[in-house]
Amino acid sequence: MYGDLVTSVDRPATAPHPDAEAPAHAHAEPHRHAEPHGLAEPSGPAGPSGPAEPYGHPGPVAWPVGVAYQPVEPDRFTRLVLRLHARAPRWAVPLAALACVGLGMTYALISDPTRSDPDARPTCLLKLTTGLDCPGCGGTRALWFVLHGDLPAAARHHFLFVFALPFLAWLFVAWAGNRAFGWRLPEPRFSPKVLGGFLAAWAVFSVVRNLPWAPFPSLYV
């Protein structure tokens, strides 16, 4: 009874007879998605990284294998500066900046720019050739008056320098204290709009101090 029950899994598959008629769906064309006439998207050339990709959809880029880029070796002077910077103590850079500021103040005190001739060296090239005040003209004299405690005379020679001097001094103290001693002093933060406004005011000041009409000649130094 049970021997007569043979499933399709147990029975081996037999080849179809050559004269047998094939089913209708065997001769049918494989189903293809119909494209509207003239709207078929062309494909780009086949590349080594894969099959052809449609235009506008590039395939993966094959990076060159085994290409190593050698880093640029610094010259001797750069290596010397890097070694000195690595071995220098924390207070070395603020001390060097303070020394530069001290040299500028010493030069202003010794040279006494308030009594020197207009063409005395070093002089402003723009003022020497055109007679006009440049944006920095009067800064050294303003510093000399500041060091002597005469703020009105300093502002007369360069008002914007006197105005910016307290901010510059506080920025330097905050930076140097943090760099040398680890002080966490509050640092003023200036937005790009504030810096742009200051530069615009400096440009206007540089122009109006050269105008020949009153009261602008009082700003000419």
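The numbers here are math on the coordinates, done by the rules we state, and not lab data. These figures come from a predicted structure and were not determined experimentally. Counting neighbours? That spans all protein chains shown, and the Cβs are built from the backbone with ideal geometry, glycine included.
Peptide packing for 186-193, 204-211 was compared via the average number of neighbouring C-beta atoms within 10 Å per residue; ordered from the highest value, the list is 204-211, 186-193.
In plain terms, the chain from Leu151 to Leu82 could stretch by 20.6 nm, reckoned as 0.36 nm per residue minus the Cα-Cα distance.
What FRET efficiency, computed as 1/(1 + (r/R0)^6) with R0 = 22 Å and r the Cβ-Cβ distance, is obtained for Leu103 and Val204, rounded to the nearest 0.05? Walk me through the intermediate numbers first.
Numbers: r = 31 Å, r/R0 = 1.43.
Using R0 = 22 Å, I get an efficiency of 0.10.
Computed over the stretch 154-218, the Cα gyration tensor eigenvalues convert (square root of 5λ each) into semi-axes of 33, 14, 6 Å, ordered from largest to smallest.
Amide H to amide H distances under 5 Å link Thr123 with no residue, where only residues 5 or more positions off or on other chains count and H is placed in the peptide plane. Each peptide in 99-108, 129-138, 78-87 was scored by the mean count of other Cβ atoms within 10 Å over its residues; highest first, the order is 129-138, 99-108, 78-87. Only Cα sites of the stretch 102-219 enter the Debye sum here, all with the same form factor; the resulting log10 I(q)/I(0) across q = 0.18 1/Å is -1.09, listed in q order.
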